[in-house]
Amino acid sequence: MNKEVFKYKLTNKKYNECIDILRKDIINILEKKIKEKDTFFSYTTTMDLYNKSKEILSEKDVKIAYRLYLLDIMDEIDEYMLDEMMQIYHELQEKTN
């Protein structure tokens, strides 16, 4: 993620764009983890990502994939979505580092 771009968008209250950036990064991280074990996997939807993660990823990653899926199907205000996405992103970063 380009942190400068993200910070700029966040400062200017472009929450939808921040959510999109985080969502893409979370998907990329989970997809990469899945591809380490299944090179044929190709991301299509967050439901597909969740289902595949149940087969091969750790319980923590499965929970993250499920939370991401829930955020996709929920109709929440942008501030809530952004907060949840940021929490998920930080959890993934903690596990990766």
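How many percent of the accessible area of the chain is carbon or sulfur, using a 1.4 Å probe?
50
Find which of SER58, LEU82, THR46 sits farthest along the positive direction of the dipole of the chain, computed with +1 on the beta-carbon of Lys and Arg, -1 on that of Asp and Glu, about the Cα centre.
In the chain, that residue is SER58.
Give the relative contact order (percent, whole number) for segment 3-96; include only Cα pairs under 8 Å separated by 6+ residues.
32
Evaluate the charge dipole of segment 3-96 about its Cα centre and quote only its size in Debye, nearest 20, assuming +1 on the Cβ of each Lys and Arg and -1 on the Cβ of each Asp and Glu. Please report the intermediate quantities before stating the final value.
On the way: 17 positive and 20 negative charges, 70 e Å.
Dipole magnitude for segment 3-96 comes out near 340 debye.
Around LYS32, under 12 Å between beta carbons, what's the net of Lys plus Arg minus Asp minus Glu among the other residues? Present the calculation step by step, with values, prior to reporting the outcome.
Details: positive: LYS33, LYS35, LYS37; negative: ASP25, GLU31, GLU36, ASP38, ASP61.
Charge balance near LYS32 sits at -2.
Excluding LYS13 itself, what net charge comes from residues whose Cβ is under 15 Å from its Cβ, given Lys and Arg +1 and Asp and Glu -1? Provide the component values of the computation, followed by the final result.
Numbers: positive: LYS7, LYS9, LYS14; negative: GLU17, ASP20, ASP78, GLU79, ASP83.
Cβ neighbours under 15 Å give a net charge of -2.
Taking a temperature of 20 °C and a viscosity of 1.002 mPa s, what whole-number D in µm²/s does Stokes-Einstein yield for segment 3-96 with Rh from Kirkwood over alpha carbon pairs?
157
The values are calculated or read from the model by the stated rules, or taken from the named source; none is laboratory data. None of these values were measured; they are calculated from a predicted model. Positions of Cβ are backbone-derived with ideal geometry, glycine not excepted, and every protein chain shown enters the neighbour counts. With ligands, DNA and RNA removed, areas are computed over all heavy atoms of the protein, side chains included. Shrake-Rupley method; radii C 1.70, N 1.55, O 1.52, S 1.80 Å.
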